[in-house]
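To start, the structure itself, in structure tokens.
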Amino acid sequence: MYQINKRPRLALTLGDPAGIGTEVILKALADREVSQSCDVVVVGSRDLLFQNYEKLIKNLTPLANPSELSVIDVPTSGEIVTGVGDAASGAASFAYMESAIAQTLAGEFDGIVTAPIAKSAWKAAGYNYPGQTELLAEKAGVDRFGMLFVGRSPFTGWTLRALLATTHIPLRQVADTLTPTLLTQKLDLLVECLERDFGIKNGRIAIAGLNPHSGEKGQLGTEEIDWLIPWIESERCKRPNIQLEGPIPPDTMWVKPGIAWYGNSEIKNPADAYLALYHDQGLIPVKLMAFDRAVNTTIGLPFVRTSPDHGTAFDIADKGIADATSMKAALQLAAELVRN
């Protein structure tokens with residue numbers, strides 16, 4: 001059993017070295033509240049870490065000094081060009097991930113926090129994965145996993161939790177990929193996660209419809225009538241202690257979460273979690289509300305994994321203007337989940 005008085009030990013990957021990963025890491029680790037919540041070991045190129053520090057420190061404070069950080073050095077073989085995601089940066093970020101995963105599975109770390117990578121750079125380097133989530137699942141040997149986005153409102157303290165049923169696939173494939181079997185798997189993960197990681201038993205879960213107006217009784221698509229509504233009714237019978245709401249029209253499902261996030265209305269009673277059926281259905285509202293605070297959490301792994309909910313931002317790399325709020329939140333949430 002985990003020792004509650006022990007600081008969680010986290011591997012923090014550098015992400016794509018041509019992006020803002022180094023900057024948000026150095027900014028986040030300079031925050032005393034973050035550094036005191038967990039024991040962090042950076043996994044990446046030590047030389048690149050120092051090079052970026054020297055560039056940024058001229059105009060930025062506070063920054064964590066790499067000489068005072070624990071670093072597992074994973075050297076890069078190709079030339080890294082700031083702001084350019086290519087085969088060299090993709091190979092480097094992939095190597096960082098492989099090292100962090102291997103050592104976590106060996107018991108060296110309680111969890112992994114990942115800085116953002118560029119999927120196109122991985123592909124250029126010869127690695128055909130939809131994203132870091134799928135690599136983590138493959139290396140961990142699991143086929144039940146999900147992308148849960150968590151954000152705590154700075155206005156009200158309410159916690160938003162949104163799980164994606166499908167992730168990095170083309171929109172035209174969504175309807176064919178969604179099945180009752182897949183949704184049952186995702187719902188199982190979500191119920192387990194709410195209870196284990198957040199202490200929420202008998203929770204309320206809102207489930208989105210697929211089509212506009214949830215199909216309008218078959219006028220705007222038949223998936224709801226054909227299988228989604230029967231599936232929800234079946235799950236209600238199987239899970240009498242869980243409140244399942246839906247299918248909720250996708251354009252109105254996010255009204256209550258928005259109110260709960262900003263606290264500007266008397267409407268209350270948001271759900272404990274939201275199940276979106278495809279990537280943008282969930283992430284457009286999540287990023288609209290919580291872009292600088294949302295954390296991507298992979299559930300179903302044998303260890304904790306979190307990541308900031310933003311990309312590599314090649315266009316602002318090395319400019320000193322990257323926001324580290326989401327990276328701080330990712331580190332703090334990882335520590336909290338390990339303790340839970």
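When Arg46, Arg9, Arg32 are checked against the criterion of being at pLDDT 95 or above and out of contact with any Leu (no Cβ under 8 Å at 6 or more places or on another chain), a single residue qualifies: Arg9. For Ala140, the conditions (1) surrounded by 21 or more Cβ atoms within 10 Å (Cβ to Cβ); (2) in contact with a Leu (Cβ under 6 Å, 6 or more places away or on another chain) all hold with the exception of (1).
When residues in the range 49-70 are screened for being free of Cβ contacts under 8 Å to residues at least 60 places away in the same chain, touching a helix residue (DSSP H, G or I) at 6+ places or on another chain (Cβ under 7 Å), open to solvent by 10 Å² or more (accessible area, probe 1.4 Å) and assigned to a helix (DSSP H, G or I), 2 of them pass. Once the range 259-278 is narrowed to residues that are modelled with pLDDT of 95 or more and of a type outside the set (A, V, I, L, M, F, W, C), the residue that is farthest from Ala294 (Cα to Cα) is Tyr278.
Remark: pairs (first residue in the range 158-187, basic (Lys, Arg); second residue in a helix (DSSP H, G or I) and open to solvent by less than 30 Å² (accessible area, probe 1.4 Å); Cβ separation under 8 Å; 6+ apart in sequence or on different chains) = Arg161/Leu194. Scanning the range 189-223 for residues that are buried (at least 17 other Cβ atoms within 10 Å of the Cβ), assigned to a strand (DSSP E or B) and among the polar types (S, T, N, Q) yields a count of 0. When each of Asp323, Asp315 is tested for being open to solvent by 10 Å² or more (accessible area, probe 1.4 Å), within 30 Å of Lys256 (Cα to Cα) and in the same structural domain as Lys55 (by the TED database), the lone residue that passes is Asp323. Report the residue count in the range 71-80 for those that are open to solvent by 30 Å² or more (accessible area, probe 1.4 Å), among the aliphatic types (A, V, I, L, M) and touching a helix residue (DSSP H, G or I) at 6+ places or on another chain (Cβ under 6 Å). The number of residues fulfilling the criteria is 1. Return the only residue of Ala273, Ala329 being farther than 26 Å from Glu108 by Cα, of a type in the set (Gly, Ala, Ser) and in contact with a Gly (Cβ under 9 Å, 6 or more places away or on another chain). The unique qualifying residue is Ala273.
For the range 81-97, state whether one or more residues are free of Cβ contacts under 8 Å to residues at least 12 places away in the same chain and either open to solvent by 40 Å² or more (accessible area, probe 1.4 Å) or not hydrophobic (A, V, I, L, M, F, W, C) (or both). Write out each step before concluding.
Within the range 81-97, the subset free of Cβ contacts under 8 Å to residues at least 12 places away in the same chain is none.
Within the range 81-97, none of the residues are free of Cβ contacts under 8 Å to residues at least 12 places away in the same chain and either open to solvent by 40 Å² or more (accessible area, probe 1.4 Å) or not hydrophobic (A, V, I, L, M, F, W, C) (or both).
Name every residue in the range 224-253 that is open to solvent by 80 Å² or more (accessible area, probe 1.4 Å), in a helix (DSSP H, G or I) and in contact with a Gly (Cβ under 9 Å, 6 or more places away or on another chain), in order of residue number. Ile225, Asp226 - these are the residues of the range 224-253 that are open to solvent by 80 Å² or more (accessible area, probe 1.4 Å), in a helix (DSSP H, G or I) and in contact with a Gly (Cβ under 9 Å, 6 or more places away or on another chain). Number of residues in the range 83-136 that are polar (S, T, N, Q) and in contact with a strand residue (DSSP E or B) (Cβ under 6 Å, 6 or more places away or on another chain): the value is 5. Of the residues making up the range 287-312, just one is open to solvent by 10 Å² or more (accessible area, probe 1.4 Å) and of a type in the set (Ser, Thr, Tyr), namely Thr312. May I ask you to verify whether Ile25 is under 17 Å from Met327 (Cα atoms), in a helix (DSSP H, G or I) and either β-branched (Val, Ile, Thr) or not assigned by the TED database to the domain that holds Thr325 (or both)? It is true that Ile25 is under 17 Å from Met327 (Cα atoms), in a helix (DSSP H, G or I) and either β-branched (Val, Ile, Thr) or not assigned by the TED database to the domain that holds Thr325 (or both).
The values are calculated or read from the model by the stated rules, or taken from the named source; none is laboratory data. Since the structure is predicted, the reported quantities are computational estimates derived from the model, not experimental observations. Note that we place each Cβ from the backbone using ideal geometry, even for glycine, and neighbour counts take in every protein chain shown. Areas reflect the complete protein model, heavy atoms only, side chains present, ligands, DNA and RNA absent. Shrake-Rupley method; radii C 1.70, N 1.55, O 1.52, S 1.80 Å.
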